[in-house]
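For reference, the structure is listed below as structure tokens.
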Amino acid sequence: MSFSKAAPLAALTRGVDRVTGSSLGRYQTAVIRIGLSFTWLCFLLREWPNRHELYGPDGPWSWEMARRLIADNHAFTVLMWSDSAFWFECVYAGAVVSSALLMLGWRTRTMSVLSMIGVLSLQNRSVFLGDGGDNVIHLMALYTVLTRCGLVWSLDARRARRRGQDPAAGPDLTGIVLWALCGLALIAAQIFGGTGLSWTTDGPLPGLGWATALWGLWLAHGVWWAVCRYAPGEPRTVLDAFAHLAHNAALLVIMVEVCLIYATAGWYKIQGSRWQDGTALYYPLHLDYFSPWPELSHALAGNGLLVLLLSYGTVAVQVAFPFTLLNRRVKNVLLALMMAEHMGIAVTLGLPFFSLAMIVADAVFLPTGFLRRLGALTGRARDRLLPARRKALPPQREGETASRTLVG
């Protein structure tokens, strides 16, 4: 009897030790960081010639109309702080730069926050332009802030490795300057930003305004640096435990979010008559807007059996995916099928950014061993292309679990 009571308690203790003692899914969160930043960056660069019509002063959704909507739904966007063209250009350029630096993994803690601000500011400025892929980027940008997504495959990881091998390394002056500049920017925003809007009272959580949230992140970064620099003992251990817990909680939310996306999409499709009779994919294949390759679309739509199989297969895969997480092999097979489905959507329906965002979100379920092998293969390919850079890099320590970095 005592053994039966002790076993669950021991399992609970091991579980608590694991979620507070290590950051799980380091490679998966790195893929989320790289993939979503790359997707958002490509979208911003592609739409650079059209940025004024999409999110700027020349768009059909005017600044005044956006201000009225945001005053009602309390969404966050720094573009409402001013209607000047110069401010818009600064925000758009900042979104491009922050997404590129986050993809490379340079100062990921800061860049994840700045990238999130860029995503929210542009998407909430013109809410009628987005699709499902934009919604995924919107949500993941929020969750990524709480993850330790720069532990592997990042410039931060390379810098940490170099500093660890240099006992005489001094304080991180770049980080201090960046932190101070962010504080000055927050002070300026507190004084001049948000005229007529409630960004100081409305925020990501009830009762937590965006100003409070951003100041809290800024202070947390400062406390983290100070503790790492001057109190590396027990205070550092406590902060590490909280960081691990926040990372693992955010990773769990990301995984649950992906499951909810597929489950709700699948069950809503089941209720549609076109999906029930297997003809749902026939209609979008005949729309000019979703036909970048008309000959290919018409050829697919002309095969009734293929349309039937694809329609039923899409519903079956989406509904079944959350349940396949109970079996690793089945999950991996279904994951490959879903990624192939999104690649097909990108080609046949002309939705590359939606498909890429969903593939990246699916990647959170990829096995760690596969991602490590992928990172090792990419590192070897990079070393062949850049042999001089390979000699310049410091050797990795024996037993280090992180593979060679993909970037930087």
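The values are calculated or read from the model by the stated rules, or taken from the named source; none is laboratory data. Remember, predicted model here, so these are calculated numbers, not experimental data. Here the Cβ positions follow ideal geometry from the backbone for every residue, glycine too, while neighbour counts run over all protein chains shown. Note: areas computed on protein heavy atoms with side chains; ligands, DNA, RNA excluded. Shrake-Rupley method; radii C 1.70, N 1.55, O 1.52, S 1.80 Å.
Listed values, structure above:
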{"item": "Label-to-label distance, nm, for residues given as residue 241 and residue 127 (7 Å Cα→Cβ offset)", "result": "4.1"}
{"item": "FRET efficiency, residue 374 to residue 42 (Cβ-Cβ, R0 22 Å, nearest 0.05)", "result": "0.60"}
{"item": "Choice from 363, 100, 160 with maximal GNM fluctuation in the chain (Cα, 10 Å cutoff)", "result": "160"}
{"item": "Exposed GluC sites (Glu not before Pro) absent: longest stretch of the chain, with sites in DSSP loops and at most 13 other Cβ within 10 Å deemed exposed", "result": "1-397"}
{"item": "Two-site label geometry, residue 53 and residue 305: point separation in nm, points 7 Å out along Cα→Cβ", "result": "4.4"}
{"item": "Under-5 Å amide H pairs with residue 154, H placed in peptide plane, nonlocal only", "result": "406, 407"}
{"item": "Rounded Å value of the spacing that divides the Cα centres of region 200-225 and region 274-335", "result": "42"}
{"item": "Candidates 350, 209, 272, ranked by Gaussian network fluctuation over the chain, Cα under 10 Å, top entry", "result": "272"}
{"item": "Relative contact order for the chain, counting Cα pairs under 8 Å that sit 6 or more residues apart, in percent", "result": "22"}
{"item": "Chain lengthening between residue 264 and residue 340 when straightened (0.36 nm per residue, less Cα-Cα)", "result": "25.4 nm"}
{"item": "Computed lengthening from residue 61 to residue 312, 0.36 nm per intervening residue step minus Cα-Cα distance", "result": "86.5 nm"}
{"item": "Accessible surface of region 23-159 [probe 1.4 Å, protein heavy atoms]: carbon and sulfur percent", "result": "64"}
{"item": "Placed amide H near residue 208: partners under 5 Å, 5+ positions off or other chain", "result": "203"}
{"item": "Using distinct alpha-carbon pairs, which all enter the 1/r mean, Kirkwood radius of the chain in Å", "result": "23.7"}
{"item": "Prolate/oblate/rounded label for region 23-159 (Cα gyration tensor, a/c 1.5)", "result": "prolate"}
{"item": "Segment residue 20-residue 74, length gained on full extension (0.36 nm per residue, minus Cα span)", "result": "16.0 nm"}
{"item": "Using θ = phi - 60° and Karplus 6.51 cos²θ - 1.76 cosθ + 1.60, couplings along region 222-236 (whole Hz; Gly, Pro as x)", "result": "x, 5, 4, 5, 5, 5, 4, 7, 10, 9, x, x, 4, x, 5"}
{"item": "Max mean-square fluctuation residue, GNM over the chain, Cα-Cα springs under 10 Å, options 241, 231, 11", "result": "11"}
{"item": "Relative contact order (%) - criterion: Cα under 8 Å, at least six apart; region: region 286-396", "result": "22"}
